[in-house]
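Following: one structure in structure tokens, then a few remarks.
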Amino acid sequence: MLQPCFLPRTRDRVTRMNWQGEPQLLPEATLLRRVIALIIDWTMSRLIASLIGPYLFFESDFNTLIVFYLEVTLLTTLLQASAGQRIMGVKVLSYPDQSRISPKQVALRTLLICLVLPAVFTKDGRALHDYFTNSQTVRELY
């Protein structure tokens, strides 16, 4: 039986499955992708802070950090990735079930990134800010 093309068909639903029929989790993002995403985010924040900083913020060296915190928190809450992470194909999800993380977790995670905790890793290779917020960065498959 033919259906109009604008109606969704249940058989066309795409689900990532492994060969055993279990849902397949996204692979963890590499350190290189994460560092490049951080550099992109910091550069964007630096440019924005230099453009609007003198008009909106007090004269301080923390303008870039304030813009960085706001940008990463807002975009990660809404899109599960900051601008740099979207460009690099990285997504922030909960650990280990890979679901959406709460805005509180995002705010705490971004605060810990601003305190330079991404440079500290646990025994299993997870960054400390991900460990404290029960999150992980994964590579998005297109």
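Since every read-out is calculated from the coordinates, none of them should be taken as a lab result. All of these numbers come straight from a predicted model, not from anything done at the bench. Reconstructed Cβ throughout: ideal geometry from the backbone, glycine too, with neighbour counts over all protein chains shown.
Things worth noting here:
- The Stokes-Einstein estimate for segment 27-139, based on a Kirkwood radius over Cα pairs and taken at 37 °C with 0.692 mPa s viscosity, is a diffusion coefficient of 231 µm²/s.
- Additional length obtainable on full extension of the chain from Ile87 to Asn134, 0.36 nm per residue less Cα span: 14.6 nm
- Length gained on full extension, Val116 to Leu78, computed as 0.36 nm times the residue gap minus the Cα-Cα distance: 11.4 nm.
- Summarising the amide proton neighbourhood of Ser135: residues at separation of 5 or more, or on other chains, whose placed amide H is nearer than 5 Å comprise Tyr95.
- The label point for Ile36 and the one for Gln24, both projected 7 Å from the Cα toward the Cβ, are 2.2 nm apart.
- From phi via Karplus (6.51, -1.76, 1.60), per-residue ³J(HN,Hα) for segment 99-115 in Hz, x at Gly/Pro: 10, 5, 9, 6, x, 5, 5, 5, 5, 5, 4, 5, 4, 5, 5, 5, 8
- Pairwise label distance in nanometres, Leu65 with Gln98, each label 7 Å out on the Cα-Cβ vector: 3.5 nm
- Considering only Phe68, Ala81, Ile48, the residue lying farthest towards the positive end of the dipole of segment 39-142 is Ala81, judged by Cα position with unit charges set on Cβ.
- Protection proxy ranking, highest mean first, for peptides 67-80, 91-104: 67-80, 91-104, where packing is the per-residue count of other beta-carbon atoms within 10 Å, averaged.
- Karplus-based coupling profile of segment 37-46, in residue order and whole Hz: 4, 5, 5, 4, 4, 5, 5, 4, 5, 5, with θ = phi - 60° in 6.51 cos²θ - 1.76 cosθ + 1.60 and x standing for Gly or Pro.
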